[in-house]
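Below: the structure, in structure tokens.
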Amino acid sequence: MVHVLSLLNQPTRYLFFTGKGGVGKTSLSTAVALYLADSGKRVLLVSTDTATNLDEMLGVELKNSPVPVPQVAGLSVLNIDPDNAAESYRQRVLAQMASEISEAQRATVREQLSGACTTEIAAFDEFASLLSEENQTFDHIVFDTAPTGHTLRLLSLPKAWSGFLAGNDRGASCLGPHSGLKMQERRFQAALAALSDPTQTTLVLVTRPDAGAIAEAARTSEDLKALGLSNQRLVVNGLFHASLRADAIACAIEDLGTQALAAMPQNLKALPQDQVPLRAFDTVGLPALRALLGQGTAPPTVAVTPHSALQGQGLDALADALAQAGHGLIMVMGKGGVGKTTVAAALAVGLVQRGKSVHLSTTDPAAHLTVTLAGELPGLQVDRIAPLVETQRYVDKIMATKGKHLDAQERALMREDLRSPCTEEVAVFHAFARVVSEARSAFVVLDTAPTGHSLLLMDATGAYHRQMLHAFEGQAAARLVTPLMRLQDPNYTKIILVTLPETTPVSQAQALQDDLRRASIEPFAWVINKSVLAAGTKDPLLAARLGSEQKQLDRVAQGLAQRTFVLPWRVHAPIGLSELAQLVTPAA
């Protein structure tokens, strides 16, 4: 019997599923929403992840308004689309402005409302409206959230904006005039109250039996408690028990899970816990989603045998290709949980092995490069774009320049404006632009945040590009080089897309590639990480999963990627300089 159903004995109205990317939040949240709807409840399933794959899992086109799920009475699904939310927000703010103001003034406000922080707060505004007391259409609202770092940012916004709005009678430039902000204040406060009420909201921390995912869940639990969100549960997804003790790969997978669970931090052990076993099938389609929680019949699977196509290039060949240039930016991108940090760290180590000086950094709020490296290497500089640090640096710079000649009252007003939560988004973009420019004379390897958060950063990059072109129009535009231009230059930037050999991660990597191509950025290569098929196994459960893996390997190699590199699943986790070096060292 699957114990995950215990969390549904007396479900609260709002259920939030959060955790490290790749732990199964979307599958579990969708299965729970389906279970509630099958039980006769009116349920809304909401994705706050711009890189969601709910449409593929449920076979329904997602919109920014509730869409009924065919063949499931009572279940609707909604995706909070940041672009649509931002345009709706702009229209509401402009509608509140006096009709007698000039078109030039309206154009100025619209320009102010075109930044990434406006997109963020507008998306949050859509999210907050779902927590409104007036919204009584559904018995339960289940949230499938973006990976941890982005979700913590989202859930911290009610408190951040409520504090900023208190006593503020002037507004914030990136969100429009004061009236545009004040119309949200009551909604923010109501959202904060609903999230903090344990009778209304349950936070479901999802992890896999993996040390990294468990550690992130433990940190997230404490961060959520600090925000006042204390009604938490833990779901351990993908528990595996080897049935063939002679299969080294299967036993290693089981042993790693057992060790990770035994070492679970005490704050997680204290939470109510549910467990879901590893399934032999992909959780795509209603039968599979119902079977995930032990309801209904599991879809059929077909076991396969590894073939020669898997004996292709490894990460050492990719490191060789990248090292041919004397410098450049290498951006490692992909869905959360696919191994971007491992691949980025390994490539950085590989470039140092090949005589290059490398700056390894990350834009992921939840990333821990130092844990992955577990040591220092001459020629390798390691740091991270820390939002709080970069925000303070940005504020100090603005106060020292634009605020230098202001009087005390004007400086106080400027500092108050800079307390706006959207200042963080601007500061992170400036730090990102600074790191991008370093690749003019050295190698920079950038481990990016999970897909949704990275796309917001790319949006900010595009907005800055358009702003600069407009500002320099008719002047020195021919000599202008923006961060976007550097990302579009294949001689300067190499984009590496990392995925797992599973349907959902590959589909999301494909969607990311499409988004990048719309911005005239062409990925250099794909890395398929943790291939059990390439490692070889005879365990019946793992073997049953390999048919799907083979399809995804063929799908990538035969149409999606210009260059494909495969990393087999490893008995020892690639943590530490020695293990990382093995990934990028040619076989003897």
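The values are calculated or read from the model by the stated rules, or taken from the named source; none is laboratory data. Everything numeric in this text was worked out from a predicted model, so none of it was measured. Virtual Cβ from ideal backbone geometry, glycine too; neighbours counted across all protein chains shown. The accessibility values were calculated without ligands, DNA or RNA, using every heavy atom of the protein model including side chains. Shrake-Rupley method; radii C 1.70, N 1.55, O 1.52, S 1.80 Å.
Checking each residue in region 550-573 for being touching a residue at least 60 places away in the same chain (Cβ under 8 Å) and surrounded by 21 or more Cβ atoms within 10 Å (Cβ to Cβ) picks out LEU553, ALA561, PHE565, VAL566, LEU567.
Among residues belonging to region 521-537 that are assigned to a loop (DSSP other than H, G, I, E, B) and modelled with pLDDT of 85 or more, point out the one that is most open to solvent (accessible area, probe 1.4 Å). Selected residue: GLU522.
Taken together, the residues in region 379-392 that are modelled with pLDDT of 85 or more and either aromatic (Phe, Trp, Tyr) or in contact with a helix residue (DSSP H, G or I) (Cβ under 7 Å, 6 or more places away or on another chain) (or both) amount to 3.
Please find, among THR199, THR258, the residue that is closer than 30 Å to LEU533 by Cα, at pLDDT 80 or above and among the polar types (S, T, N, Q). Only one candidate qualifies: THR258. The criterion of at least 2 residues that are farther than 24 Å from ASP223 by Cβ and either open to solvent by 30 Å² or more (accessible area, probe 1.4 Å) or free of Cβ contacts under 8 Å to residues at least 40 places away in the same chain (or both) is met by the following helices (runs of 4 or more DSSP H) wholly inside region 311-383: 315-323, 340-353.
This table checks each residue for (1) open to solvent by less than 60 Å² (accessible area, probe 1.4 Å); (2) assigned to a loop (DSSP other than H, G, I, E, B); (3) touching a Gly at 6+ places or on another chain (Cβ under 9 Å); (4) closer than 24 Å to ASP282 by Cβ.
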| residue | (1), (2), (3), (4) |
| --- | --- |
| LEU195 | yes, no, yes, no |
| VAL206 | yes, no, yes, yes |
| PRO209 | yes, yes, yes, yes |
| ALA213 | yes, no, yes, yes |
| LYS225 | no, no, no, no |
| LEU229 | yes, yes, no, no |
| VAL235 | yes, no, yes, yes |
| ALA242 | yes, yes, no, yes |
| ILE249 | yes, no, yes, yes |
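Within region 424-446, the residues that satisfy the criterion of being of a type outside the set (A, V, I, L, M) and open to solvent by 10 Å² or more (accessible area, probe 1.4 Å) are GLU424, GLU425, PHE429, HIS430, ARG434, SER437, GLU438, ARG440, SER441.
Residue-by-condition table, conditions (1) touching a Ser or Thr at 6+ places or on another chain (Cβ under 6 Å); (2) of a type outside the set (Asp, Glu):
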position: ASP364; (1), (2): no, no
position: THR372; (1), (2): yes, yes
position: LEU380; (1), (2): no, yes
position: ASP383; (1), (2): yes, no
position: ALA386; (1), (2): no, yes
position: GLN392; (1), (2): no, yes
position: ASP396; (1), (2): no, no
position: ALA400; (1), (2): no, yes
position: LYS404; (1), (2): no, yes
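The rows are residues; the columns are (1) part of a helix (DSSP H, G or I); (2) at pLDDT 70 or above.
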{"site": "MET414", "(1), (2)": "yes, yes"}
{"site": "ALA449", "(1), (2)": "no, yes"}
{"site": "GLY462", "(1), (2)": "yes, no"}
{"site": "VAL506", "(1), (2)": "yes, yes"}
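Could we say that LEU542 is surrounded by 18 or more Cβ atoms within 10 Å (Cβ to Cβ), of a type in the set (A, V, I, L, M), in contact (Cβ under 8 Å) with a residue 40 or more places away in the chain and in contact with a Gly (Cβ under 9 Å, 6 or more places away or on another chain) here? Please lay out each step first, then the result.
Details: surrounded by 18 or more Cβ atoms within 10 Å (Cβ to Cβ): yes; of a type in the set (A, V, I, L, M): yes; in contact (Cβ under 8 Å) with a residue 40 or more places away in the chain: yes; in contact with a Gly (Cβ under 9 Å, 6 or more places away or on another chain): no.
No: the conditions fail for LEU542.
Here's a check for you: in region 384-399, which residue that is assigned to a loop (DSSP other than H, G, I, E, B) and open to solvent by less than 50 Å² (accessible area, probe 1.4 Å) is farthest from GLU416 (Cα to Cα)? Step by step, filter region 384-399, then rank; the result is ILE385. Within the option set GLN562, GLN582, being farther than 10 Å from PRO501 by Cβ and assigned to a helix (DSSP H, G or I) holds for one residue only, GLN582. Of the numbered criteria (1) of a type outside the set (Ser, Thr, Tyr); (2) open to solvent by less than 60 Å² (accessible area, probe 1.4 Å); (3) in a loop (DSSP other than H, G, I, E, B); (4) modelled with pLDDT under 90, the one MET264 fails is (4).
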